[in-house]
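Presented below is the structure to which this report refers.
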């Protein structure tokens, strides 16, 4: 038979675990994608606002290729293009090739 104090302690513990799990589930562990470009020669290029490992003013980007590989690199805006620095290459992609995500529109972010 349960004692009232033991049951209260157990319920409080379960509630604390649920609150912690809910908080962790709500955390955004990956950088948020602001702009996307797709098509030839790229399959999908995603620009984020994170600086994780990229020297300022560069930011994190992800390139998914036609063969299914994903590469992480850095990007920076230069005049009318975006310079992408990947581990084995550098590319320049015109700003007009990118479209904003819903997150970029919410933040009113712009490549201009």
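Here, each number is a calculation from the coordinates, and none is a lab measurement. It should be emphasised that the depicted structure is a prediction, and the values quoted were computed from it without experimental measurement. In this analysis, Cβ positions are derived from the backbone assuming ideal geometry, glycine residues included, and neighbour counts consider all displayed protein chains.
Where does each of 63-69, 78-84 land if you order them by average Cβ count within 10 Å, highest first?
78-84, 63-69
Largest first and in whole Å, what are the equivalent-ellipsoid semi-axes of the stretch 33-107 based on the Cα gyration tensor, each being the root of 5 times an eigenvalue?
Its equivalent ellipsoid spans semi-axes of 17, 15, 13 Å.
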